[in-house]
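Working notes for the structure below.
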Amino acid sequence: MSLAFCGNENNSLAYNVDRGVLNNGCFLDALNVVPHIFLLFITFPILFIGWGSQSSKVHIHHSTWLHFPGHNLRWLLTFILLFVLVCEIAEGIVSDGFTQSLHLHLYMPAGLAFMAGITSIIYYHNIETSNFPKLLLALLFYWVLAFLMKTIKFAKYTEHSVGLRQLRYCITGLLALLYGLLLAVEINVILGRRYLCFTEATEVKPPEDLQDLGVRFLQPFVNLLSKATYWWMNTFITAAHRRPIDLKVIGKLPIAMRALTNYLKLCKAFESQRRPLGSMPQGPKWIWRALRQAFGRPLIISITFRFLADLLGFAGPLCISGIVHHISKDNRTIQPPIKLLGVYFISSQEFLANAYVLAVLLFFALILQRTFLQASYYVAIETGINLRGAIQTKIYNKIMRLCTSNMSMGELTVGQICNLVAIDTNQLMWFFFLCPNLWAMPVQIIVGVILLYYLLGISALIGATVIAVLAPVQYFVATKLSQAQKSTLEYSSERLKKTNELLRGIKLLKLYAWEHIFCHSVEETRGKELTSLQTFALYTSISIFMNAAIPIAAVLTTFVVHVHISEEADLSPAVAFASLSLFHILVTPLFLLSSVVRSTVKALVSAQKLSEFFSSDEIGDEQEPNQCPAPSLHLSQPLKVVNRKRHPRDDWNNYRHEGVFDICFDQYGTPTLSNVNIKVPFGQLTMIVGQVGCGKSSLLLAALGEMQRVSGTVTWNILPSLDSEGDDSCFHCVYLGRKRGSVAYASQKPWLLNATLVENITFEMPMIKPRYKAVIEACSLQPDIDILPQGDQTEIGERGIILSGGQRQRIGVARALYQQTNVVLLDDPFSALDIHLSDHLMQEGIRKLLREEKRTVVLVTHKLQYLPHADWIIAMKDGTIQTEGTLKDIQNSDPKLFEQWKTLMHRQDGEFEKETVAESMTVLERKNLRRAMYSKEASKTEEEHEEESVESEEDDSLSQAMRHRTTIPWRSCGVYLSSAGLLLPLLLLSQLFKHTLMVAIDYWLAHWTSHVITAKMDATGRNCTVAQECGFSHSWYLSVFSVLCCLGIVLCLVTSVAVEWTGLRVAKELHHNLLSKIILAPMRLFETTPLGNILNRFSSDTNTIDQHIPATLECLSRSTLLCVSALGVISYVTPVFLIALVPLAIACYFIQKYFRVASRDLQQLEDSTQLPLLSHFSETVEGLTTIRAFRYESRFRQRLLEYTDANNIASLFLTAANRWLEVRMEYVGTCVVLIAAVASISNSLYNHLSTGLVGLGLTYALMVSNYLNWMVRNLADMEVQLGSVKRINGLLKTEPENYEGLMAASQVPDGWPRQGEIQIQNLSVRYDTTLKPVLKQVNAHISPGQKVGICGRTGSGKSSFSLAFFRMVDTFEGRIIIDDIDIAKLPLQTLRSRFSIILQDPILFSGTIRFNLDPEMKATDDMLWEALEIAQLKPVVKTLPGGLDAMVTEGGENFSQGQRQLFCLARAFVRKSSILIMDEATASIDMATESILQKVVMTAFADRTVVTIAHRVHTILNADLVIVMKRGIILEYDRPQALLEKEDSVFSAFVKADK
């Protein structure tokens, strides 16, 4: 076939120009080539030179990027132009197919135009990014030329009466219009930027965001193509392979998306609803209205995109129907095209009847549909994230104004507020995500049903009814699921509580050999949890089953009805496969229905909660300045005071309360404070005293404006700084201020930030070294700081978890001392301090530091011995002022009160004498802290360990680590699946069978429908009116089809149950193994691994394995098998497809490889940025009074904005990354559809492939594009979730303690040890094989019934000595023989169950008192009462409701420290063993109780061997034998009297120091 531009038939009219050149169709087409050639010739050199010159900076930095006017419109028009040009090319090719020779002029100009169109947009993009508008002239000329040529062509067509019937006429008109519009856009750029015809070009700057190099989230700024395909994310996602993504990499949020911007938007929306009188409307409606006003517009855009996507989605089934129909037409005769102007024309019907055209249209429709769908998701999610930021900020600002009385009255708890932030804002965000579905689902369902009706008639409605009837069932299942989840959650938290107790008391449990009792208790709760998980699994499997079975059931009923209703049922492949695809589309909205409805209900509840919270009481406005007052006024320098000679009481300057004012907590109850009228002298120490609950703290809070005032005023007088030192005549310049400045306030319950110790003390003030040192010294914090691993740079956990009460209180006071405010309010700062620290703080801190700086100090205290130091005393009683004045004044005016004080003062001083200078509480606290820190230090968290090992080696190890990040943890997958046991083969087989059956069903449908067509053709050949007459019957095909469908449904049930059951089985196995491993692990594990890490294995990791992995596994296996089976079917139908599959598979591999790494990093980043945000909220709520007293609201708000933005940008990047993946996977899927369609059409036309198989191939190709990205998303999720298995598996490798002994338990004599004789021979022990020995070759002999005291400095090996008896440490040399048996030979359980030990830290468990004393339930009530009596606890327990069955709360919080220690003593007495070991057991008991105890031990244990490890040496003066240790060896070993007589003995030195 020869080739010529105008064709080369002999009689060709193509070259006929008799009636003028312009009346020749071929010449018109040739004329249209001119503009395109012009553009290609002009722009290529410019682009080439431009790229050459920019080669150094090919990536033009986005800071210069400025959109020209009409930017988006130009991109849109160019896309439409390209699409129309493709249609023009296709139309040319189709109409050329009717002639012998090829007419190039029918499609070559369109091809050139297509190239020119692409070149124009590339050219424009480069000019725009380099901001060089003058070069746009080339485009201006091009648009003018193209517009003119097309208009001439269009005019000539009209002249020759070519009309709308001809497709080419319409296309030409459209193109002329598009070129005209593009010309208009170009002229608009000239008018906007004035680069031509104007003397001065407009100066334009890029948006502020792009000038800021920190902004890396470019979605709002890039061009339309990059927006739609997330092209700008490419570099970001590929870079994740080279280095992990952190907050530095993702940069800042663009201004429009920052929490502050969105908060202001929301506030504006709230304000606009104010009523005329200024009151705010209440109720959730008001919140919805504001949200609609602030965030409605983007949501409407999202819904529009969703509508477009859903409507385009129906192109799939329609095109399949068209293609199969076209192929199965037996007579392919189409009337020849019309010839006008010497050129052939075809109508649009003929054009659309071509199968290849439909395949290309399907390709474009799918690409558009996917793009719109992802755009809709993105816009909805971005809006949701912005909305969450705005609401969180609004909640925070509300918290800042909350009335603290609401909190103390229990109307609002910290937990409730944190739930608002963590849960309710997320519910609203999710609602916004799913909102487009609410509108799109009805449309999708209606259109789907109409199309089905059009294809299948009435039977379609019956099939649709099946789906509709099962939808409520799904909703019911969904509600049941959430109920099951709730009950599971309750059991999990109970199990966690028990596990937490078990881990905290593990040392005690091991020493008493009780671990199995507790282990059993945890297992019992786990059993209940698993039962509840079974319900959860059952409903999940029903839900999965319904998702899979509904479409099969619907298709089955439809086809059965369809065949039975009409004899002449048209069941061609076109109808069958189009309806199959439609059913797949219909099922999607119905699955979503349940989750959308649930989400809507939750959002409504959340809005209700938020509206209640926003309408709760606020504190009065007059104390709230808009911003912190400028420090220069009175905060920075301490004021100089005038007129020193005056009587101090005349000096009322700085600050006072004037007038009578009542303050009350509750507007209706009686006032907390009433008739208070006081003045506080400036620069002096005022003390407020009174009984508990008389309103001392309330007075301070009232002064700070934290209480609801009923009447009266508080006035803060601010004195300007006066330099006239000695000028007596200078009267007081008093600046009366309603607004108070910053006040240093230390609350009664200390409030600490989750920050370093320094930050807690300096509290946002600049660091002044000498001042800081003085404050640390005054609060005696230096010894505590020395213990902390990083000194004062140590992070104090949330609420100061690692510190004791006294330490926290001192830090709180230190903060108040460090601030340079004029006024200092201290609320009972001595309550948690012992006497020495109190005295030191009073002298150094309050009297020295604060008085020297002339600061006004108000001190609330119970320690009356400090009253003589006060310049002014306010005594309170029952919310009123009893009396005020100096101590002398009160002595004169109220002698009775003074006497009362005096006796109390003496008593307190007496206490002072009684409390010896021995190791006080503080020293003990420090000791505990040192121990805690030691174990913390020894074990940084596992992740840190991994990271450190990575950093320490060189780059190759880094690349290895990066490689490690990119591989899927197959080993963990193996561990997970191997735990399933026999269920695994069942699971695999059922999944494979199910998918094989699915393919079989569809294959049979193809076979059946193809036979219907051949039967029809036969019928036509043999002149039967209907196929049935010629002996064709549907019934055989139908029965096979029904059987296959029913089997399919059964297998769906089997697989869904198998997956969930496997998940349960694994969860049960892993938790059981983990618990039994942990219980038997050596003590060293708990000392070196932070408790939190082990607990996380039991909480979050177990939860992941329980609930998330099964679902992800199911989804992953389903989508993978679907993709595999689909690709298999397509390859079977058209083997050519396999060649095209290779490049697509490679593309998929790289996309998923890059995505998984980035996705995992971003997911971790999102989780890790959420924690500081939530803890900032809870911190703020707890420290409200302090923050407001210091006037630091704005600083905390600023910090909140930073946290929120960090969390939001991680979420946005995660969303963008998900969209990046999905768009790419969807495009790969559309390529699969295009290739499959073209290949199968060719195969059918030339090799007579049966039409049913073509339909089958196309239906499956459509499915691939749906499931490809699900596969990758699930793979990424699975990878994150398998991390849990990996971490648990890490703990499972722990070596347990050696519980077996050389002797069996039955060989040990029953009453052993009867005498309690202990022989220690050459004993050396260490904590671990890698560590140095802590005891070195110790020898000792303890006779039966002896009382032995062991003393020595900290770290001398005293405690290790006691642990050696229980084999808690590694004995590597020597032996201990008790009653002639070497303890190394005994089974551990037996050995430990025969001794008693009392530890230094008292540990109680939640449960009854009986359970705490005797978990084994062996002792009688009398034995328990006896033990309690010995421990001085009988009267206490007698008064409790339930006596021995009274409950002990977690950690024994409902008893004091001393009582807890006494319970531990009682516990040791219950176990009547002949050897008792006391390890510093009396540390937390006061002297009096301790002496009683010593006597009791001596009498109750008169005949038993007692080993006491002492920290107060005087407790072991009565012992029979004293052992003094130093660095793991015995220094002295004798009777105490003998050692005391030796002047130079270490023991006598200890005793002297203790006096």
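Here are a few things to note about the model shown:
- Using a Förster distance of 30 Å, the FRET efficiency for Ser493-Lys609 (Cβ separation, nearest 0.05): 0.90
- The stretch 102-241: proportion of alpha-carbon pairs further apart than 27 angstrom, %: 42
- Relative contact order (%) - the stretch 420-569, alpha-carbon pairs under 8 angstrom, separation at least six: 36
- Simple Cβ-charge dipole of the stretch 376-532, Lys/Arg +1 and Asp/Glu -1, about Cα centre, in debye nearest 20: 340
- Multiplying the residue separation of Met767 and Thr465 by 0.36 nm and removing their Cα-Cα distance gives an extension gain of 101.3 nm.
- Assigned charges on the beta-carbon of Lys, Arg, Asp, Glu; the stretch 1233-1300 dipole about Cα centre (debye): 360
- Nitroxide proxy distance, nm - points 7 Å out along Cα→Cβ at Val692 and Gln534: 5.0
- Linear extension gain, Val758 paired with Ser893, 0.36 nm per residue minus alpha-carbon span: 44.0 nm
- Taking Lys and Arg as +1 and Asp and Glu as -1, the other residues whose beta-carbon sits under 11 Å from that of Glu1450 total +1.
- Enclosing the Cα atoms of the stretch 1070-1198 in their convex hull gives a volume equal to 216 cubic angstrom per residue.
- Mean sequence separation of contacting Cα pairs (under 8 Å, at least six apart), scaled by the length of the stretch 1405-1555, corresponds to a relative contact order of 18 percent.
- Given their separation in residues at 0.36 nm each and the Cα-Cα distance between them, Asp570 and Asn1298 gain 254.3 nm when the chain is fully extended.
- If R0 is taken as 51 Å, the Cβ-Cβ distance between Trp439 and Val21 corresponds to a FRET efficiency of 0.35.
- Peptides 549-555, 1326-1332, 345-351, 1086-1092 ordered by average Cβ neighbours within 10 Å, highest first: 549-555, 345-351, 1086-1092, 1326-1332
- In this label model, Asp1382 and Glu777 are separated by 5.9 nm, measuring between points 7 Å along each Cα→Cβ vector.
- Rounded if a/c under 1.5, otherwise prolate or oblate - the stretch 1316-1392, Cα gyration tensor axes: oblate
- Percentage relative contact order, the stretch 1166-1287, counting C-alpha pairs under 8 Å, at least six apart: 25
- In this structure, Thr158 and Trp288 have a Cβ-Cβ separation that, at R0 = 51 Å, corresponds to a calculated FRET efficiency of about 0.40.
- Local electrostatic count at Arg1273 - Lys and Arg +1, Asp and Glu -1, tallied over other residues with Cβ under 13 Å: +1
- Each peptide in 1376-1382, 1054-1060 receives the mean, over its residues, of other Cβ atoms within 10 Å, and ordering these scores from highest gives 1054-1060, 1376-1382.
- Virtual spin-label span in nm between Cys197 and Asp839, 7 Å along Cα→Cβ: 9.5
- Ignoring lysines fewer than eight residues from Lys1068 along the same chain, the ones with Cα atoms less than 20 angstrom from its Cα are Lys486, Lys497, Lys498, Lys528, Lys1077, Lys1286, Lys1293.
- Near Ser1306: Cβ cut-off under 14 Å, other residues only, Lys/Arg at +1 and Asp/Glu at -1. The net charge is -1.
- Computed Kirkwood radius, in angstrom, where 1/r is averaged over Cα pairs of the stretch 1026-1114: 17.4
- Here the peptides 980-986, 1099-1105 are ranked by packing, the mean other Cβ count within 10 Å, and the order with the highest first is 1099-1105, 980-986.
Computed from the coordinates by the stated procedures, all read-outs in this text should not be read as laboratory data. Because the structure is predicted, anything quoted here is derived from the model rather than measured. All Cβ positions, glycine included, derive from the backbone under ideal geometry; neighbour counts span all protein chains shown.
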